[in-house]
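Below is one structure, written out as structure tokens; comments come after it.
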Amino acid sequence: MRASRNNLWSPARKENGLRLKVVAFALALFQTDVNAAGHERPGSAPQMFSIHWITDPSHANKAAIEVSGISPAILRDLQRSDWQPAQWPRLLSVYAEQGDLTAGVGLPPMFGDYRVQSGALRFEPQFPLEPGVKYRAIFQPDRLPGQQDSRSEPVTNVFQLPPRRSRPTAVVSRVYPSAEVLPENLLKFYVHFSTPMSRGRIYDH
């Protein structure tokens, strides 16, 4: 009796064939993951956002705020949006902290211009920053287009310029009369300064 070809398929060959099928299946899964990672779904937002303060070397008190980590698809939606000026601070707001007041409670956000630039959301304050003042930037990822249900936590970053190192231009050097006890009917006394003083504005100070 002549043996069929199926009987000639040895166990070793069967095992090798099974291995080839497993490898092919694994490669197919890997290719699927690569394709999914390389093609971003519209409306999906990255998990990592960061706020950067960009200072201007030519202007010590001028700075801009950039938010990175926003997907290109959402950035395009922001560029095409017709948001009013009052809508942008709901997404990205910058506050100048004052005393016990906290950002968003009793403090209005700073005025400025919003734009999409170099793959990031950029905010440029209308006025220069004051040295020594703390500025707090707050980014709300759930206010991005199509991300209202993302429940992402706000991202916060605090920035502060070094305080001014000012030196007094004039100090009081002497006061006459210099006695510790003066008569109550004293009508005139003299104040000497370390540098010449201008006339005519003494009552303003």
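The values are calculated or read from the model by the stated rules, or taken from the named source; none is laboratory data. Everything numeric in this text was worked out from a predicted model, so none of it was measured. Neighbour counts run over all protein chains shown; Cβ positions are idealised from the backbone, glycine included. These area figures cover heavy atoms from the full protein model, side chains too; ligands, DNA and RNA do not enter into them. Shrake-Rupley method; radii C 1.70, N 1.55, O 1.52, S 1.80 Å.
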Query raised in the report: Which Cα, out of Pro183, Gln140, Gln160, lies furthest along the positive dipole direction of the stretch 111-205 (beta carbon charges, K/R +1, D/E -1)?
Result: Pro183
**Report entry** Residue-level accessible surface for Thr55, protein heavy atoms, 1.4 Å, Å²
**Finding:** 80 Å²
Query raised in the report: For Arg90, what charge total do you get from the other residues with a beta carbon under 14 Å from its beta carbon, if Lys and Arg give +1 and Asp and Glu give -1?
Result: 0
Query raised in the report: What accessible area, in Å² to the nearest ten, does a 1.4 Å probe give for Trp53?
Result: 40 Å²
Report task. Normalise the Debye intensity by I(0) for the stretch 110-205, one equal point scatterer per Cα, no solvent, then take log10 at q = 0.17 Å⁻¹ and round to two decimals. Result -> -0.99
Query raised in the report: Taking only protein heavy atoms and a 1.4 Å probe, what accessible area per residue, in Å², does the stretch 71-205 have with all protein chains in place?
Result: 77 Å²
Report task. Roll a 1.4 angstrom probe over the protein heavy atoms and tell me the percent of accessible area of the stretch 67-185 that is carbon or sulfur. Result -> 48 percent
Requested in this report: Between beta-carbons, use under 15 Å as the cut-off and find the net charge around Ser68, counting Lys and Arg +1, Asp and Glu -1.
Outcome: +1
